[in-house]
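Each remark here refers to the structure printed beneath this line.
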Ligand code: CAA
């Protein structure tokens with residue numbers, strides 16, 4: 001792969017975008033490689049958590065030089081919406097480890113993850129308005145759901161960057177750490193998650209997503225009821241509850 005570094009550490013997949021000369025700007029070639037790796041992760045029973053990161057800047061957005069002369073049809077190949085939705089749709093927990101710039105499509109990529117951990121040097125934002133466009137890879141949809149309509153409009157309408165602490169204050173990132181601790185912290189989150197019951201995690205993730213898409217409370221609660229009861233068909237549920245009663249640490253097999 002030319003633009004990604006991909007490794008599996010134990011049960012944790014780590015993808016790093018690697019296009020440093022363009023501050024990891026996303027173009028169709030980067031996204032094609034990302035698609036292939038995400039498909040591999042989706043099909044692998046052994047990968048329990050995904051970390052998306054970089055060696056420096058997370059990603060400074062979609063590639064402006066590639067987009068500048070696009071017409072309406074050509075522009076669609078730079079929104080990457082389907083590819084980003086595939087990451088959002090992964091059944092395992094996902095963590096974006098954000099250092100440096102996470103702008104435009106870069107922030108939208110981070111928003112597809114369940115969690116965002118940022119280095120204190122991170123700068124986040126939606127600068128698209130300053131280019132005469134708007135976010136086009138889920139930013140106008142996922143950001144308001146995460147941080148509320150008004151804060152999302154503030155970021156999108158003004159196009160100004162915010163630092164990591166402000167991002168944490170408004171709920172855009174979960175934790176801020178020093179740059180040197182970023183990957184270790186993300187790995188620590190991933191390691192803890194990899195020890196949880198995977199089917200219960202998957203059910204919780206699916207139920208939360210389904211609930212967010214279902215505005216009728218009673219219908220949403222029905223989904224939860226069904227998914228909750230369904231977990232009693234797993235041996236992990238028996239193991240988790242027996243371990244509690246026997247005062248020992250549960251060992252989950254994902255069954
Ligand atoms: N696309 C293409 N190239 C980019 C890029 C991008 N999004 N961001 C940075 N680069 C390139 C620069 O052109 C420059 O390349 P050259 O050396 O060949 O000129 C190199 O990366 C380094 O960038 P700068 O010299 O600009 O670095 P800086 O430290 O002065 O500034 C920055 C950093 C503030 C991030 C600035 O590069 C910047 O504003 N980048 C654009 C950010 C942006 O507008 N992103 C949104 C893109 S649109 C989008 O993402 C649409 C969508 O929703 C899908």
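The values are calculated or read from the model by the stated rules, or taken from the named source; none is laboratory data. Just so you know, these numbers come straight off a predicted model, no measurement behind them. Here the Cβ is made from the backbone with ideal geometry for all residues, glycine too, and neighbour counts use every protein chain on show.
Are any of the residues in segment 42-60 within 13 Å of the ligand (Cβ to nearest atom), touching a residue at least 60 places away in the same chain (Cβ under 8 Å), more than 16 Å from the chain's Cα centre (by Cα) and under 26 Å from residue 146 (Cβ atoms)?
No, segment 42-60 contains no residue that is within 13 Å of the ligand (Cβ to nearest atom), touching a residue at least 60 places away in the same chain (Cβ under 8 Å), more than 16 Å from the chain's Cα centre (by Cα) and under 26 Å from residue 146 (Cβ atoms).
Report, ordered by the first and then the second residue, all pairs with beta carbons closer than 9 Å, sequence separation of six or more or different chains, a first member in segment 131-146 that is free of Cβ contacts under 8 Å to residues at least 24 places away in the same chain, and a second member that is within 6 Å of the ligand (Cβ to nearest atom) and part of a helix (DSSP H, G or I).
Listed pairs, sorted by first residue: 134/128.
When you check residue 63 against the structure, is it surrounded by fewer than 22 Cβ atoms within 10 Å (Cβ to Cβ), in the same structural domain as residue 97 (by TED's automatic domain parsing), within 16 Å of the ligand (Cβ to nearest atom) and farther than 25 Å from residue 163 by Cα, yes or no? Write out each step before concluding.
Values: surrounded by fewer than 22 Cβ atoms within 10 Å (Cβ to Cβ): yes; in the same structural domain as residue 97 (by TED's automatic domain parsing): yes; within 16 Å of the ligand (Cβ to nearest atom): yes; farther than 25 Å from residue 163 by Cα: no.
No, not satisfied.
Return the pair list, or none, for Cβ contacts closer than 8 Å from residues in segment 22-33 that are without any contact (Cβ under 8 Å) to a residue 24 or more places away in the chain to residues that are part of a loop (DSSP other than H, G, I, E, B) and within 11 Å of the ligand (Cβ to nearest atom), at least 6 apart or on different chains.
Matching pairs, first to second residue: none at all.
Out of all the residues in segment 166-180, is one or more more than 30 Å from residue 46 (Cα to Cα), under 19 Å from the mean Cα position of the chain (by Cα) and part of a loop (DSSP other than H, G, I, E, B)?
yes
Taking only segment 80-93 into account, find how many residues are out of contact with any helix residue (DSSP H, G or I) (no Cβ under 8 Å at 6 or more places or on another chain) and closer than 16 Å to residue 30 by Cα.
Qualifying residue count for the region: 3.
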